[in-house]
C-alpha cells in the first residue's frame with residue numbers, strides 16, 4: 001500500500017510538472033501574439049459583420065473561423081456562398097490564394113520535427129502571422145519548445161474566432177447600412193498587393209498575375225475568367241522561370257494577412 | 001523525399017510556391033473588381049477612388065489596418081451617399 005501511495009504521489013508530481021510546463025510556455029508565448037491580437041480582432045470583427053449582413057448567424061461564422069481559419073479565403077468564401085454553387089472553383093481559388101502555405105510548411109519542417117501529437121494542430125493552425133512569429137522567435141530558456149509553438153498557434157486561432165464572434169453579434173445588435181461593406185475584401189487584397197509591390201525587387205509575378213487576369217476577364221467575361229487566368233498565370237510563370245530564379249524573396253518574410 | 005526535392009531551390013514546386021502568392025494576389029484584386037463596368041461612372045468611380053486612396057494611404061503610413069479600414073469606409077460613403 002505504501003508503494004501505491006508513493007506511485008500516486010509521483011504521478012501527481014509529474015502531472016503538476018506537465019501543467020507547470022504548459023503554463024510557462026503559455027506565458028512565454030503570449031507577448032509575441034499581441035500584435036496579432038489587435039489585427040485579428042479587427043479583421044475578424046469585420047468578417048463577422050459581413051457574414052451577419054449576408055444572413056449567417058453566430059453558429060456558422062464561428063464554425064467557419066474555427067474550421068477554416070484562413071482570413072482571405074474566408075472572405076472569399078462569402079462570395080462563393082452567395083453565388084452559383086461551384087466547388088471546383090472554390091477549391092482552385094483557395095489553392096491559389098493559400099499556395100504560399102506550401103512554402104511555410106517546408107520552411108518549418110525542422111522546427112516542428114519533434115512536435116508529436118500536437119503536430120496536426122500546428123500544421124492546421126499555420127498562417128502568415130504564426131509563421132512569422134515561429135520563424136523569428138525562439139522560446140526562452142527552460143520553456144518547452146513544442147508547447148510554445150502550440151500556444152502561439154492556439155492564441156492566434158482564438159483571436160480570429162473571437163473577433164468573428166464579436167463581429168457577427170455586433171452586426172445583429174447594431175444596425176447600420178452595410179451597403180459596400182464587401183469592399184473590405186478588395187481593400188484587404190489591394191493592401192497586400194501594394195505592400196508586396198513595394199518590397200519585392202522583381203515584380204514580374206505580380207504583373208503577370210494582374211495582366212493575365214485582366215486579359216482573361218476581357219476575353220472570357222466575369223463568370224468564366226478565373227480558370228483561364230490561372231492557366232495563363234501558370235504558363236507565364238513557367239516561361240519566365242529561368243529569367244529570375246534566385247531573385248525572389250520568400251513570401252513569409254513580410255507580414256501579410258491571411 | 002518529396003520534401004527534400006521541394007526544398008531545393010531548383011525544384012519547380014519550390015519555385016511556384018515562391019512566386020505564385022504574388023500572382024495570386026494580383027488575380028484576386030482583379031477578381032474583386034470584376035463587376036466594374038465603364039458604362040456609368042457610379043459603377044467604376046467609387047472603386048477606383050477607393051483603391052487610389054488605399055494605395056496612397058498605405059504608401060504613406062504603411063499601416064495595414066488603417067489602409068483597409070479607411071479604404072472600406074471611403075468606399076461605403078461613396079456608394080451610400082455620393083454615387084447612389
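Here are the numbers for the structure shown:
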read-out	value
Per-residue Cβ neighbour rank within 10 angstrom, fewest leading, A:233, A:62	A:62, A:233
Viscosity 0.692 mPa s, temperature 37 °C, Stokes-Einstein D of region A:1-114 from Kirkwood C-alpha radius, µm²/s	180
Shape of region A:191-243, Cα gyration tensor, a/c cut at 1.5	oblate
Folded to 0 to 90 degrees: helix B:64-77 orientation relative to chain B principal axis, Cα	30
Region B:34-84: Rg to Rh, with Rh as the Kirkwood radius over Cα pairs	1.02
Volume per residue that the Cα convex hull of region A:37-169 spans, once the total is divided by residue count, Å³	110
Relative intensity, log₁₀ I(q)/I(0), of the protein assembly as shown from a Debye sum that treats every alpha carbon as a point, q = 0.10 Å⁻¹	-0.65
Simple spin-label estimate for residue B:60 and residue A:15 in nanometres, 7 Å along Cα-Cβ	6.0
Chain A, helix-only ellipticity at 222 nm - DSSP H runs n ≥ 4, -39,500 (n - 2.57), divided by all residues, nearest 500	-23000 deg cm²/dmol
Fully extended contour minus Cα-Cα distance, from residue A:121 to residue A:22, at 0.36 nm per residue	34.0 nm
Spatial separation of Cα centroids for region A:201-227 and region A:92-155, in angstrom	31
Residue list for region A:212-233, given a label point 7 angstrom along the Cα-to-Cβ vector of residue B:12 and an amide N cut-off under 11 Å	none
Using alpha-carbon coordinates, inclination of helix B:12-32 to the longest axis of chain B, degrees	10
Protection-proxy order for peptides A:129-139, A:15-25, B:12-22, each taking the mean of Cβ atoms within 10 Å per residue, highest first	B:12-22, A:129-139, A:15-25
Among B:74, B:51, B:25: highest mean-square fluctuation, GNM of chain B, C-alpha pairs under 10 Å	B:25
Cα-projected label distance for residue A:220 with residue A:86, points at 7 Å along beta-carbon direction, nm	0.8
Rounded to 10°, Cα long-axis angle of helix A:58-67 versus longest principal axis of chain A	80
Other protein chain Cβ atoms within 10 Å, averaged over every residue that makes up A:220-231	2
FRET efficiency estimate (nearest 0.05) - Cβ-Cβ, residue A:34 to residue A:5, R0 45 angstrom	0.50
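Bear in mind these aren't lab numbers, they're just calculated from the coordinates by the rules spelled out. Small disclaimer: the values here were computed from a predicted structure and weren't measured. Note that we place each Cβ from the backbone using ideal geometry, even for glycine, and neighbour counts take in every protein chain shown.
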